[in-house]
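A quick write-up on the structure given underneath.
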Amino acid sequence: MADSIFEAYNKCKKELLEFGVEDCVFEAKQIIKHITGYSNAQILSHYNDKLTQFQQNNLIAIMKQRRIRYPLQYIIGKWSFFGREFSVGPGVLIPRADTELLVETALGLIKDIENPEIIDLCAGTGCIGISLGLERADSSVTLVEKYPEAARYSAKNIADNKAFNVTLLNGDVLLGDGSDKKYDLIVSNPPYITDSDMKKLQPEVEFEPETALKGGDDGCDFYRAIIKNYLPTLKKGGHIVFEVGIGEASSVAELLKSAGFSNVGVKKDYGEIDRVVFGTLD
């Protein structure tokens, strides 16, 4: 006999906890919403309803995947970022809530610039550049992504979010590939995990592409390359904004200062970790 929605939620929560999933309450809710198609409010009003056989089978399949810590975001196929849905899957980095700080910081820096030209490097899902483009309808945004697997998600997310002012380019940031425009803002959440920390990742992260994670011996390979290769594309008075890994903010701030940036600053994420570094080109 099939479980009720309430019974399924409780079993799901218990199993996730046994699997070692920290946020088992949040995940259980997301899984139940996914298999039923219900909102939070609908779940509350239908919690005694029995799952259909299809829903029950779907739940069993999802829990088998979560047992091996396959990412919930890949299972669902989309994830929320800055109030919008973005398609995700194998081959692309999953959007994180902390990265919303990068978007907030960028929007603050360009608030007084009319028709800003923006470039998002190592774009992945495109969630950063697309969010900026939709928040600033007068902007023109270029996404640069090297890998076809990730670029497919960028293209889909541009279309699904109707981000008509966002363009996708294939390019290798380490080589300086990309547009030859001049920009008011360079924004990037590049690979930044150090070689040593790559060995200590959460089980779920091991399913994400290594190319979107690995930032070299000190985690700063991409910051150095972006500053070197894209500095000529930044307008005088233009801004650069990076997401950085734990313990990397001071090193990245020094890289910006050495390259001639002023007003270099650091912002902490919701976990009080130095997460965003920014500067202005004199």
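One table, with the values for the structure above:
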item	result
Sites residue 175 and residue 267, calculated FRET efficiency, Cβ-Cβ separation with R0 35 Å, nearest 0.05	0.75
About the Cα centre, charge dipole magnitude for the range 26-179 (Lys/Arg +1, Asp/Glu -1 at Cβ), debye	1060 debye
Rounded to the nearest 20 debye, dipole of the chain from Cβ charges on Lys, Arg, Asp, Glu	600 debye
Per residue accessible area of the range 156-267, 1.4 Å probe, in Å²	48 Å²
Exposed-loop-free span, longest in the chain, where GluC sites (Glu not before Pro) count as exposed if DSSP calls them loop and at most 12 other C-beta atoms lie within 10 Å	115-271
Trypsin sites (Lys or Arg not before Pro) restricted to the range 165-206 and DSSP loop, no more than 14 other C-beta within 10 Å	181, 182
Å² per residue, accessible surface of the range 1-103 at 1.4 Å	52 Å²
Heavy-atom accessible surface of the range 40-162: percent carbon and sulfur, 1.4 Å	52 percent
Lys/Arg +1, Asp/Glu -1 at C-beta; the chain dipole; positive extreme among 209, 185, 223	209
FRET efficiency, 1/(1 + (r/R0)^6) with R0 51 Å, evaluated for residue 228 and residue 19 via beta carbons	0.75
The range 130-201 shape via C-alpha gyration tensor axes, a/c threshold 1.5	prolate
Cα-centre dipole for the range 172-251 with unit charges at Cβ (Lys and Arg positive, Asp and Glu negative), debye to 20	540 debye
Length gained when the stretch residue 235-residue 218 is fully extended (0.36 nm per residue, less Cα-Cα span)	3.2 nm
Positive-end residue, the chain charge dipole about Cα centroid, Cβ charges, pick of 251, 52, 158	52
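The values are calculated or read from the model by the stated rules, or taken from the named source; none is laboratory data. None of the values given here were measured: they were computed from a predicted structure. Please note: Cβ atoms are built from the backbone with ideal geometry, for glycine as well, and neighbour counts cover all protein chains shown. Keep in mind that these areas ignore ligands, DNA and RNA; they rest on the heavy atoms of the full protein, side chains included. Shrake-Rupley method; radii C 1.70, N 1.55, O 1.52, S 1.80 Å.
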